[in-house]
Amino acid sequence: MLPIVYLPGAGGRSIFWRPVATRLADLGRACLLGWPGFGDEPPDPAIGSLDDLYSWMLPRLPAGRLHLVAQSMGGVLAARLALEQPGRVGRLVLAATSGGLDVRALGASDWRPDFLSRLPHLPRWFAEDRTDLSARLGAIRAPTLLLWSDADPVSPLAVGQHLQKVIPGARLQVFAGGTHTFAEDRAEEVAAAVRAHLGSHVE
């Protein structure tokens, strides 16, 4: 069985995915990462951009092939790994992420001011990041499950619908009324969806 790597969003806490990972323990070893300077990991002065965070992440991943389950900001990193190291990614799950798109063009609210006022410890580069993977997303080859809410102003359903169009074979599952953190808040339902996606892949 392939290990399952869980990547959080800008909340940065490694425990974000734990309620889901616990329910999927029989599918493979779980690796839950947290982001330095965001959640419960101390800041790393070497990280000053999303590109730096990606470089920080790579040596902390399990060796060889793996499955990726990622939320929000973590989804941008997961999509990049699937693009740049396609042989390593068995299956991909993206939840409430931008996926490297300009989500404002798809109806997203400008959440950064409120987010930073509530969490003033977050690195400032995070608010300035504009990583753009839009021209490359069609090259993702990992079977992809998109998990979205229909009531999330940060990453509205239109973002998930667009990713479904541009990522070959991607499947979209919608959670009615969920918040941006529905993957943590509704772990039972989310785990069932992820199980159906990962459980069909045996290696």
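The values are calculated or read from the model by the stated rules, or taken from the named source; none is laboratory data. Treat the numbers as computed from the prediction; the structure is a model and nothing was measured. Positions of Cβ are backbone-derived with ideal geometry, glycine not excepted, and every protein chain shown enters the neighbour counts.
In table form, for the structure just shown:
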quantity: Residue in the range 63-78 that is over 26 Å from residue 156 (Cα atoms), in a helix (DSSP H, G or I) and touching a strand residue (DSSP E or B) at 6+ places or on another chain (Cβ under 9 Å) present; calculated: no
quantity: Restricting the range 13-40 to residues that are in a helix (DSSP H, G or I) and aliphatic (A, V, I, L, M), the residue that is surrounded by the most Cβ atoms within 10 Å (Cβ to Cβ); calculated: 20
quantity: Filter result (at pLDDT below 75, part of a helix (DSSP H, G or I) and buried (at least 16 other Cβ atoms within 10 Å of the Cβ)) within the range 103-114; calculated: none
quantity: Residues located in the range 140-196, provided they are of a type in the set (S, T, N, Q), surrounded by fewer than 24 Cβ atoms within 10 Å (Cβ to Cβ), under 13 Å from residue 97 (Cα atoms) and touching a helix residue (DSSP H, G or I) at 6+ places or on another chain (Cβ under 9 Å); calculated: 161, 179, 181
quantity: Number of the exception - residue 174 against (1) of a type in the set (A, V, I, L, M, F, W, C); (2) in a helix (DSSP H, G or I); (3) touching an Asp or Glu at 6+ places or on another chain (Cβ under 7 Å); calculated: (2)
quantity: Residue list for the range 120-159, restricted to those being in contact (Cβ under 8 Å) with a residue 60 or more places away in the chain and under 22 Å from residue 185 (Cβ atoms); calculated: 122, 154, 155, 159
quantity: Failed condition for residue 160, given (1) within 16 Å of the chain's Cα centre (by Cα); (2) more than 19 Å from residue 10 (Cα to Cα); calculated: (2)
quantity: Flag if residue 160 is part of a loop (DSSP other than H, G, I, E, B), in contact with a strand residue (DSSP E or B) (Cβ under 6 Å, 6 or more places away or on another chain) and over 23 Å from residue 58 (Cβ atoms); calculated: no
quantity: Candidates 86, 45, 62 - the one that is over 21 Å from residue 182 (Cβ atoms), surrounded by 13 or more Cβ atoms within 10 Å (Cβ to Cβ), out of contact with any Phe, Trp or Tyr (no Cβ under 6 Å at 6 or more places or on another chain) and modelled with pLDDT of 90 or more; calculated: 62
quantity: Contacts under 9 angstrom Cβ, first residue in the range 12-26 being farther than 25 Å from residue 38 by Cα, partner modelled with pLDDT under 95 and not in a helix (DSSP H, G or I), 6 or more apart; calculated: 24/199; 26/1
